[in-house]
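The block underneath contains the structure these notes are about, expressed in structure tokens.
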Amino acid sequence: MPYRRLMILLIPLLLGFDASAQPSQLQIGLGGWPGAGAQFVYVESYSVHSVEVLASFDSELWKSRTPFYLSAGVGAALRPLGILRVIGRADYQYDFYIGIRFGPALHFLQRPTHAEKNRQFSLFLDPFLRYTQPYQDLTLFFELGMQRPITRFGVWFSLQN
């Protein structure tokens, strides 16, 4: 019975309040280490969490057989500062996300062996940390994760109508 009361209190907080909801955003950035690549993420932000869909690619052009990595996935993140915003205790311009993404990934090599062709497909699990900061008319982000590219930075664009 106490779980029902807790859920009744938490559901509005997790779904987000209209006053705290943000328009949809597109996150476009470059990535680095161990290769160089790019990441594109569609983000739906709510008061204390976000839901995301991503596509990314990464390559190590300096290697002799030039590996190329391609991945797509879905995920979600918690916004700890959003909790403070909801209860009216903070008016931070920056934000912090703690999240996880998962999905399929493909690995391509020039002149792959038969064994390497059989290992082209994999699934990834990408826990990540993201920091966003407004700068003039843009919102910049920096992100660390486990999926290639590991370090990511770039710009958020609002998709409001």
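Can you name the residue in the range 85-124 that is open to solvent by 80 Å² or more (accessible area, probe 1.4 Å), at pLDDT below 85 and polar (S, T, N, Q) and, of all such residues, is nearest to Gln27 (Cα to Cα)?
Gln110
Is it fair to say Pro127 is over 22 Å from Ser47 (Cα atoms) and at pLDDT 95 or above?
Against the criterion (over 22 Å from Ser47 (Cα atoms) and at pLDDT 95 or above), Pro127 does not qualify.
Is it the case that the range 76-84 has a residue that's closer than 25 Å to Leu138 by Cβ, open to solvent by less than 70 Å² (accessible area, probe 1.4 Å), in contact with a Pro (Cβ under 9 Å, 6 or more places away or on another chain) and modelled with pLDDT of 80 or more?
No, the range 76-84 contains no residue that is closer than 25 Å to Leu138 by Cβ, open to solvent by less than 70 Å² (accessible area, probe 1.4 Å), in contact with a Pro (Cβ under 9 Å, 6 or more places away or on another chain) and modelled with pLDDT of 80 or more.
Looking at Ala19, is it modelled with pLDDT of 90 or more and out of contact with any Lys or Arg (no Cβ under 7 Å at 6 or more places or on another chain)?
Considered against the rule, which asks whether it is modelled with pLDDT of 90 or more and out of contact with any Lys or Arg (no Cβ under 7 Å at 6 or more places or on another chain), Ala19 comes out as no.
Could you tell me how many of the residues in the range 140-161 are among the β-branched types (Val, Ile, Thr) and part of a strand (DSSP E or B)?
Residues flagged as among the β-branched types (Val, Ile, Thr) and part of a strand (DSSP E or B) within the range 140-161 amount to 2.
The values are calculated or read from the model by the stated rules, or taken from the named source; none is laboratory data. Being a predicted model, the structure only gives us computed values, none of them experimental. Cβ atoms come from the backbone with ideal geometry, glycine included; neighbour counts cover every protein chain shown. The accessibility values were calculated without ligands, DNA or RNA, using every heavy atom of the protein model including side chains. Shrake-Rupley method; radii C 1.70, N 1.55, O 1.52, S 1.80 Å.
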